[in-house]
Amino acid sequence: MAHRKRWRTTAALMAAAGLMALGAGTPGASAAEEPRIDLRVLVVDNGDSPVEAITAQLDSTGVPYTTIDLNDTTRPTVTAAFLSDTVDGTPRAKFQGVVLPNEAPFGTGSAEQTALEAYETTYGIPQVDAYTWAHPEVGLDYSAYAGTLDGREADVTAAGGAGYFGYLDGAFAFEDNSASVQESYGFVATPRTGFTSYVDTAVPGGSGRGSLVGEYAHDGRRELVVTFAYNQYQEQFRLLARGIVEWLTQGVHLGQSRNYLAVHVDDVFAPDSRWDTERNCTPGDFDCVGGDGEGTTPIRMTAADAQYAAQWQQEHGFTFDMVFNAGSGEEWKEENGGTDALADQLLADKAQYRWVNHTYTHQYLGCVQDTTTVPWSCAKNADGSTQYMSQADISSEISNNYDWALAHGLPVDRSELVTGEHSGLRSLPQQPDDNPNLAGALAANGIEWTASDNSREPAQRSVGTSTLTVPRYPMNVYYNTGTDAEMVDEYNWIYTSAADGGSGICENNPTSTCLDDPLDAATGYDEYIVPQEARTALGHVISNDPRPHYAHQSNLAEDRMLYPVLDTVLADYQALFADNTPVQNLAQAAIGTELQRRGAWKAAVDGGNVTAYRIGNIVTVTAPSGTRIPVTAPEGTTQQLLLGTAAFGTPYAGQRSAWTTPELLQDALTLNLPA
C-alpha cells in the first residue's frame, strides 16, 4: 500500500505542475514508480462528423483505439475499472488519450463523466473536445462571433507553432467551394485564464482575434477545445488533423503519418488519340461512330516537351514516374522516317526520371474484346467460356518492354508494372474477374507490384501469390486532349446537361453534378478545371495517402496541361507546410510496400496481437514476429539494442517516425524517450 500511495502522490504532483507531456517524468523516480500507460486511444462517438473525422485520422495513422458508441444501448459503462487496472503490480491506464464529441458527453456530474475526469486527473490523460461551443466551462468567454467561417483565414498562434502544430507554416483559409452552401460553422471567442489558443482568427465583424483551437488546463486536466464543425474531407481539418493526434498522444503513439505525392505519366514514347470536338468522341474508340482515327493527328510529346519536363523537375525538386511503351515508340519511329527526337531526348535525360514498365505496345491484357457492339463485350469460346489473352502473350508484352529498357540503359525496377488501361485485372461490367493467365505471367516476370485504378479498386489486393496491386488516382486531365480548349470541350460534354449542349451524363449519374453553365473555351481550363483538380490532388496529399496519381504523356505535350495543376498543388502545399514537413515522392514499389505494411499492421491490431505501453520514458511494443511496427516519437528518442542504443526513425513534421522491428534476439521493440 505504501508503494501505491507514493505513486498517487507523484501522479498528482505531475498533474498539478502540468508535466503531462509524454517524456516528462518525476525527477529521480525509477521506472517502477511510474504507471503503465497503454498506447491506445478511447473514442466516445455520438455519430457526429467531428468525432468521425478524428477517428478517420487515427485509422489512417495506424493508432489503435477503442470506440464507445453513445447510440448503442448495449455499450460498456465508463467506470474506473473500464479505464484502469493493475498489471503485474503496476497501475495501468488503458488509454493514453480520450476523444469526446464535446466536453461532457455523459452529462456534467454524472457517474460516467466523474469517472472519466478522475481517470484523466490521476494519470495525466489528455482529452480532445471534438466540437463544442464557446463558453466559460471550456475556458472561453461567450462567443464574440458565431456563424459561418467559409473562406475566412485562420492562423497558427505562436504557442501552436511552438507545439504540436509547428508543421504548419501559419495561415490557412477555410474552404468556400460554393457560394450557395454553408460549409463551416464555428464560434470565435476570447480565451480566459488557463486557456492557450493554438489556432485563431480575426473576429468577423468585430475587433481582435479569437480562438478556434486551444488547450484548456484546469483542475489537473487538459482539454483540446475545438469550436468549429468539420468533416474528415475538409481541408481545414486535414491541415489540423496531425496536430490534434499529436496533442492527444503527446507526441508518442503507434502509427505514422506523412504527406505523399507521386505522379505517373503513362504512355511515354507512345502517341495518344485526340478528342474530336465535332463528334464529341475519340476517333479509334469503339464507341466513336464515323471513323477509325486514321488521318487524325495523334498527341505526342516533342523533344522540346521532354526538355521542359526535365527542367520542371529540377526547378520543383520533384521526380516523374515515366510509364513507358517502348514498342509503341519503335512503331512510331518506323512510321516517321526512322528517327525519334523525343526518344533521343528522354534517353539522354533518363537518369532524371523513374521508369515503370507499361508493356511493350499497350495491348489489352484482359479478355479478348468483341467490338461488334457498343459497349464492347468479352468474346466467347465455343463452349461459352470467356476468351482471354494467353499467358505467353501477356508475358511477351512485359518482358519485351523490360528487355528494351535494359538494352537502352533505363534505370527500371523489374518488380514494377502498369498494364495498359490496368487491363488483365477485373473490370466491370465486362470482365468481373482477373484474366486467369495474368498471375502466372506476372510471377514469371518477377512483378511484385502492378497498378490498379483507385476509382475501381481502392484497396490493395493480391494477384496470384507473388503480386500486389498499387491503386492509382486518375487525374481529371484527359489522355485524349493536348490543348486547353480540347480539354474544356470534353469536360463540357461530360459535365453539362443536354439542354446546355452536353451529353447529359451528369444528369443520369447520382455521383456527378452538372455545371451551372458550360465553361468558356478560352478560360475554363485555368479558371475552373485547374483549381478543382489541384484541390482534389492536394486533398489526397495531406491525407496520409501514398497512392500515386496518374496522367498521360499527352498532358505534357502541346499546351502542357498537367503543369498548371501540379504547380498549384506544390505552391499551395509549400504555402501551408513548414520546411520540416516535405512532400514524400515515392516510387511505385515503395508505395506498394507502404500499403502492404499498413494492411499487415491493421490486421495485427484488429486481431488483438499488439501490446504497446509506456512506463516513464520507456516504450515497449510487441507484435507478431516479422510485423513491421509504425511508431512516432519525439526528437531525441533512441531504440534499445542488445548492446547500446541507436537513433530512432527519421525526422518528419517535428517528430521522428519509422516502420521498425525488434533487433535480432529481442522479442520486443524498446524505445527510450528523451527526458
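Here the extension length gained between Lys380 and Thr319 equals 17.6 nm, from 0.36 nm per residue of separation less the Cα-Cα distance. Over region 263-588, calculate the relative contact order: mean separation of alpha carbon pairs under 8 Å at least 6 apart, over the residue count, as a percent. Reported relative contact order: 19 percent. On the beta carbon distance between Asp69 and Leu406, with R0 = 60 Å, the FRET formula returns roughly 0.60.
Between Ala668 and Thr297, full extension at 0.36 nm per residue minus the direct alpha carbon distance yields a gain of 127.3 nm.
Take the Cα of Ser625, step 7 Å along the line toward its Cβ, and report every residue of region 636-675 whose backbone nitrogen sits under 20 Å from that point. In region 636-675, the label zone of Ser625 (backbone N under 20 Å from the point 7 Å along Cα→Cβ) covers 642, 660-670. Within region 609-672, the ratio Rg/Rh, alpha carbon atoms throughout and Rh by Kirkwood, equals 0.93. From the Cα gyration tensor of region 263-588, with a ≥ b ≥ c the square roots of its eigenvalues, which class applies: rounded if a/c is under 1.5, or else prolate if a/b is larger than b/c, or else oblate? Taking the square roots of the gyration eigenvalues as a ≥ b ≥ c, region 263-588 is rounded. The relative contact order of region 609-672 comes to 36 percent, based on Cα pairs under 8 Å that sit 6 or more residues apart. Each residue of region 435-442 was assigned a 3J(HN,Hα) from its phi angle through the Karplus curve 6.51 cos²θ - 1.76 cosθ + 1.60 (θ = phi - 60°); the sequence is 4, x, 8, 5, 4, x, 5, 5 Hz, with glycine and proline shown as x. The Cα-based radius of gyration of the chain, divided by its Kirkwood radius, gives an Rg/Rh of 1.01. Taking other C-beta atoms within 10 Å as the exposure proxy, Trp133, Trp449 rank Trp133, Trp449 from fewest upward.
Region 560-621 and region 533-549 have Cα centres spaced 12 Å apart.
Can you give the FRET efficiency to the nearest 0.05 for Thr108 and Trp133, using r as the Cβ-Cβ distance and R₀ = 22 Å? Don't jump to the answer; show the numbers that get you there.
Numbers: r = 14 Å, r/R0 = 0.65.
According to the calculation, E is roughly 0.95.
Each of Arg75, Arg209 was scored by other Cβ atoms within 10 Å of its Cβ. Arranged with the fewest first, they read Arg75, Arg209.
Relative contact order (percent) for the chain, with alpha-carbon contacts under 8 angstrom and 6 or more residues of separation?
It comes to 13 percent, rounded to a whole number.
What's the FRET efficiency of Tyr563 with Thr371 using the Cβ-Cβ distance as r and R₀ = 45 Å, to the nearest 0.05? With a Förster radius of 45 Å, E is 0.80. Each stretch of four or more DSSP H residues adds -39500 (n - 2.57); spread over every residue of the chain, this sum gives -8500 deg cm²/dmol at 222 nm. Between the alpha-carbon centers of region 426-482 and region 304-364, tell me the distance in whole angstrom. So the separation of the two Cα centres works out to 22 Å. Calculated on C-alpha atoms, the gyration radius of region 2-250 divided by its Kirkwood radius gives an Rg/Rh of 0.98. If the segment from Thr645 to Asp500 were pulled out straight at 0.36 nm per residue, it would be longer than the present Cα-Cα gap by 45.4 nm.
A short reminder: the numbers here are calculations on the coordinates, not readings from a lab. Values in this document were obtained by computation on a predicted structure and should not be read as measured data. Here the Cβ is made from the backbone with ideal geometry for all residues, glycine too, and neighbour counts use every protein chain on show.
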